[in-house]
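A short reminder: the numbers here are calculations on the coordinates, not readings from a lab. For clarity, every value in this text was computed on a predicted model and none was experimentally measured. Heads up, the Cβs are rebuilt from the backbone with ideal geometry, glycines too, and the neighbour counts pull from every protein chain shown.
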Amino acid sequence: MVEKSQPQGMWPALFDPFFNLGSRIADWLHPASDAASDTEAYHITVELPGVAEADISLDVAGGTLTVSGEKKEEREEKGRDWYFSERQYGRFSRAFRLPEDADEAGIAAEMKDGVLRITVPRGDPPERSRKIEIKRS
């Protein structure tokens, strides 16, 4: 039986390193996140291991909260007769559509141990309808 994820051909092992490469890159550039709410606020948690706080931007516009930044990670190890060096760079962005009752002015964020925690307080929902007075001339 041939697995569907592997190409059929003479040298399938040649292509093995490229399987799911796109999804691995997307996962790295699109950080994992959670969203929850309670009666007081919405809570968004974004995992950003290896990303410096100075390299993160948090913006809100038009009812959308955007977390973006750049990952710059370097690792170097040396032994008596060996050397290893690895570098990872890349920009990332993650957008969250805010509910109508979100208080954009009260958004707060905290970074600890590679995890960004964002709190969006609940406010009063906007009026859906209102009566418009007709002026008489």
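Remarks
- Virtual spin-label span in nm between SER137 and SER93, 7 Å along Cα→Cβ: 4.7
- Only one residue of VAL51, GLY69, TYR89 has its Cα farthest out toward the positive end of the dipole of segment 31-121, where Lys and Arg carry +1 and Asp and Glu -1 on Cβ, and that residue is TYR89.
- Taking each residue as 0.36 nm, the span from ASP101 to THR64 lengthens on full extension beyond its C-alpha to C-alpha distance by 12.1 nm.
- For GLY90, neighbours were defined as the other residues whose beta-carbon sits under 10 Å from its Cβ, and their charges (Lys and Arg +1, Asp and Glu -1) total +1.
- Potential lengthening between GLU110 and ASP81 on full extension [0.36 nm per residue; Cα-Cα distance subtracted]: 6.2 nm
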